[in-house]
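The values are calculated or read from the model by the stated rules, or taken from the named source; none is laboratory data. Worth saying up front: this structure is predicted, and the values here are computed from it rather than measured. Ideal geometry is used to build each Cβ from the backbone, glycine not excepted, and the neighbour counts take in all protein chains shown. In case anyone asks, the SASA skips ligands and DNA or RNA and just uses the protein heavy atoms, side chains included. Shrake-Rupley method; radii C 1.70, N 1.55, O 1.52, S 1.80 Å.
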Amino acid sequence: MNCLNDKSLTTEEVAESLLGSLLISYKDGQLTSGWIVETEAYLGKVDEACHTFAGKQTPRLMSMYQDAGTIYVYRMHTHHLFNVVTRSSSEPQAVLVRAIEPHDGEDIQNIRRGKKGIEMTNGPGKLAKALGITMDDNGTDVYEPAVMIDPKRKKKPVMVEKTARIGIPNKGKWTDELLRFSVKGNPYVSRKKGKTEIDYGWEAVLN
């Protein structure tokens with residue numbers, strides 16, 4: 001069972017479980033993908049930083065009130081941000097994917113971003129542009145093309161760091177809640193601190 005279908009998991013647990021999952025995009029006949037290295041949990045009606053805080057409902061938020069596994073994309077300035085719904089219509093919670101380590105189609109991601117290396121996908125707006133994610137993907141199923149997570153392809157972090165979310169000022173206790181999860185030592189984590197591990201923070205695969 002994948003983590004989004006496991007009703008026993010909290011949104012925080014889903015956010016951590018998604019680390020190492022492969023986020024895949026099929027756009028214009030081109031395959032691009034990346035390993036998820038950073039996520040943030042947003043806890044719905046009680047979370048002052050969440051779009052659905054206090055049960056807010058607008059046409060823009062319709063996807064947040066759908067089943068777990070629904071993609072929620074929203075626009076911030078000129079950027080698109082990719083989220084996955086984790087609960088249900090009565091619990092409109094989601095996980096924001098903040099960064100990926102490129103895998104398939106790195107040259108295509110480079111062209112889309114106009115950037116090389118770490119700067120290509122080390123932030124939520126950056127990864128969305130690199131994978132060609134747009135508002136057209138809002139409301140679709142994360143286990144079906146064009147944008148999807150493959151539950152069978154997974155890397156395992158050696159260590160997961162838990163920190164406060166980024167860009168959440170003046171939200172009371174929610175500013176400091178440890179709801180950001182990242183692969184320790186991976187260079188693609190946004191606003192990375194500390195050294196980069198030789199293996200980028202992944203456990204070795206033994207053949």
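Brief remarks on what is shown
- Condition broken by His51, with the remaining ones in (1) under 29 Å from Gly185 (Cα atoms); (2) touching a helix residue (DSSP H, G or I) at 6+ places or on another chain (Cβ under 7 Å); (3) assigned to a loop (DSSP other than H, G, I, E, B) satisfied: (1)
- Every residue from region 1-40 that is part of a loop (DSSP other than H, G, I, E, B) and under 30 Å from Ile111 (Cα atoms): Leu18, Leu19, Gly20, Asp28, Gly29
- Inspection of region 170-183 identifies no residue that is assigned to a loop (DSSP other than H, G, I, E, B), touching a Pro at 6+ places or on another chain (Cβ under 8 Å) and of a type outside the set (Phe, Trp, Tyr).
- Test: Val73 is buried (at least 21 other Cβ atoms within 10 Å of the Cβ) and either in a strand (DSSP E or B) or touching an Asp or Glu at 6+ places or on another chain (Cβ under 6 Å) (or both): no
Residue-by-condition table, conditions (1) more than 20 Å from Cys50 (Cα to Cα); (2) in contact (Cβ under 8 Å) with a residue 24 or more places away in the chain; (3) more than 14 Å from the chain's Cα centre (by Cα); (4) open to solvent by less than 70 Å² (accessible area, probe 1.4 Å):
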residue: Gly125; (1), (2), (3), (4): no, yes, no, yes
residue: Ala128; (1), (2), (3), (4): no, yes, no, yes
residue: Ala146; (1), (2), (3), (4): yes, yes, yes, yes
residue: Lys152; (1), (2), (3), (4): yes, no, yes, no
residue: Gly194; (1), (2), (3), (4): yes, no, yes, yes
residue: Glu197; (1), (2), (3), (4): yes, yes, yes, yes
